[in-house]
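Bear in mind these aren't lab numbers, they're just calculated from the coordinates by the rules spelled out. Computed from a predicted model, the values in this text were never measured in an experiment. Virtual Cβ from ideal backbone geometry, glycine too; neighbours counted across all protein chains shown.
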Amino acid sequence: MTAISAQAVYADRRARLAAQLGPDDIAIIPTAPERARNRDSEFLYRFDSYFYYLTGFTEPQAWLVITGDGRSTLFCQPKDLEREIWDGYRLGPEAAPAHLGVDAAVSVAELDQRLPRLLENRQAVWYPFAIHTGLESRVAGWLGAVRARVRFGALCPEVQHDLCRLLDEMRLIKDAHEQAVMRRAAQISAGAHVRAMQRSAAMLGAGQPVREYHLDAELLHEFRQHGSQYPAYSSIVAAGANACVLHYRADNAPVRDGELVLIDAGCELDGYASDITRTFPANGRFTGPQRALYDLVLASQEAAVAATRPGARFTDPHEATVKVLTQGMLDLGLLDKNQHGTLDDAIENRHYFAFYMHRTSHWLGLDVHDCGSYVEPSERGQTSERQDPLSGETITNRPSRILRPGMVLTLEPGLYVRPSDSVPPAFWNIGIRIEDDAIVTETGCELITRDVPVEADAIEALMRG
């Protein structure tokens, strides 16, 4: 985007947020702190998603204040030429209004001095609850300073609200700018998966030893080569039995000829995450048992894709996935029909859970597990209770979120088969997950991650190439 169009996007978001505040309310949004990695070294800095959503500003030590009349004030680091030699360029308060479109900017060194005056005579204060350690105490300190002035006629806000409630709803629907960035992030990540698949087949074909970190390196190279700032999360590169560990991390395990490799990896581009999982044969050729389970997982994902459309519920793709997977488990012998009964019996009693223990979807956006309620807001009061057949605990059900155009979610069914006397040995230690990112459209959904193949035949063809 140009600077002008970027300003318009963030200014519109601030205005929409201000319109939801009371006329005498105030909102306070900090960015993320810098975090020490070890002595004299910090983790690579990543801004707070709520703060970035409203400003597009990526520097640390910054705060945004928005009042009910729509006025915005940025607190940021002052210009300091000596520190900039060490730490990099700072925008500074003088340049911030013109560059970011905020109404005013002040040095962050004046935050504690100015915040009590900004809070004075406000009816309510909004800030993100339970996200920034110590923020509640800091707000309490500023309010204490306001109360110290009541003898001079100052009024102190009597109500505190969780700002996440408003921002989560705003962030749940992605605008055209966000969708464009996410499509590009998905394209970069798809290319990284293609590169890792081909590297695996090429090295094994040449008789070279392959380890998980070799494939992880291909991912990182492709991310940065095409402008991504970071991985969106720690990449999972799991060879063989490691694929049955859901949150396995890329390590130094060997990638063996004849085994599958599961890669769950996506880049972050301009703040927005992508999230792709592909499972492929290390040598480029599925075995019979691998192909049987892979085709089952793919069929379940196709059912989830068909269920992802406006007006459907967030849980519909998961329920469609579970139905296909459970029937396949019964057909392939992962579940014994004599023991587990019919399809309906196996689903009702969650017998599939031994092989498929996670949900099919999550929201995606500025965070890889993005914010936004999974309950339909207008139906929160409609509750029912059920007893979980596995844990025995009582669970309160509320109506699932209704999908609307602009929502973005993942579709990621899987199967994870560990050795067991009740399972055919041919399926032991096979872990498969297939994940794509879907934008809900007016008529269905758009899969933005299909630049990397998903059908087994297409994967084999790619790896031969």
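Figures for the structure shown
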quantity: Euclidean distance of C-alpha centroids, region 259-293 and region 412-426, integer Å; calculated: 18
quantity: Test item: Cα-centred dipole of the chain, Lys/Arg +1 and Asp/Glu -1 on Cβ, debye; calculated: 540
quantity: Amide H contacts under 5 Å for residue 276, placed H, 5+ residues apart; calculated: 265, 266
quantity: Contact order normalised by residue count of region 1-54, Cα under 8 Å, 6+ apart, percent; calculated: 37
quantity: Relative contact order %, region 3-169, counting alpha carbon pairs below 8 Å whose residues are six or more apart; calculated: 22
quantity: Counted charge near residue 335, where neighbours are those whose Cβ lies closer than 15 Å (Asp, Glu -1; Lys, Arg +1); calculated: -2
quantity: Amide proton proximity set for residue 126, modelled H, under 5 Å, gap of 5+; calculated: 26, 27, 28, 161
quantity: Per-residue [θ]222 nm for the chain (sum of -39500 (n - 2.57) over DSSP H runs n ≥ 4, rounded to 500); calculated: -11000 deg cm²/dmol
quantity: For region 379-389, Karplus couplings with θ = phi - 60° (6.51, -1.76, 1.60), whole Hz, Gly/Pro x; calculated: 10, 4, x, 8, 10, 8, 10, 9, 9, 5, x
quantity: Cβ-based charge dipole, region 173-464, positive-most Cα from 353, 235, 406; calculated: 235
quantity: Ranked 445, 371, criterion: other C-beta atoms within 10 Å, fewest first; calculated: 371, 445
quantity: Distant-in-sequence amide H partners of residue 335 (H built 1.01 Å from N, under 5 Å); calculated: 330
quantity: Sequence-distant aspartates and glutamates (8 or more away, or on other chains) whose Cα lies within less than 20 Å of residue 79; calculated: 34, 59, 87, 94, 103, 110, 112
quantity: Charge context of residue 360, other residues only, Cβ under 10 angstrom, K/R +1, D/E -1; calculated: -3
quantity: Longest exposed-site-free window of the chain, the sites being trypsin sites (Lys or Arg not before Pro) in a DSSP loop that have at most 12 other C-beta atoms within 10 Å; calculated: 40-379
quantity: Candidate aspartates and glutamates - alpha carbon under 17 Å from residue 323, same-chain residues fewer than 8 apart omitted; calculated: 295, 302, 331, 336, 344, 345, 348, 412
quantity: The chain: relative contact order in percent, alpha carbon pairs under 8 Å with at least 6 residues between; calculated: 13
quantity: Cβ-based exposure ranking for 308, 342, in which fewest neighbours within 10 Å come first; calculated: 342, 308
quantity: Taking 41, 189, 228 and counting other C-beta atoms within 10 Å, the order from fewest to most; calculated: 41, 228, 189
quantity: The chain: DSSP helices with Cα axial extent of at least 15 Å and average Kyte-Doolittle hydropathy no lower than -0.5; calculated: 3-20, 135-147, 176-205, 288-307, 316-332
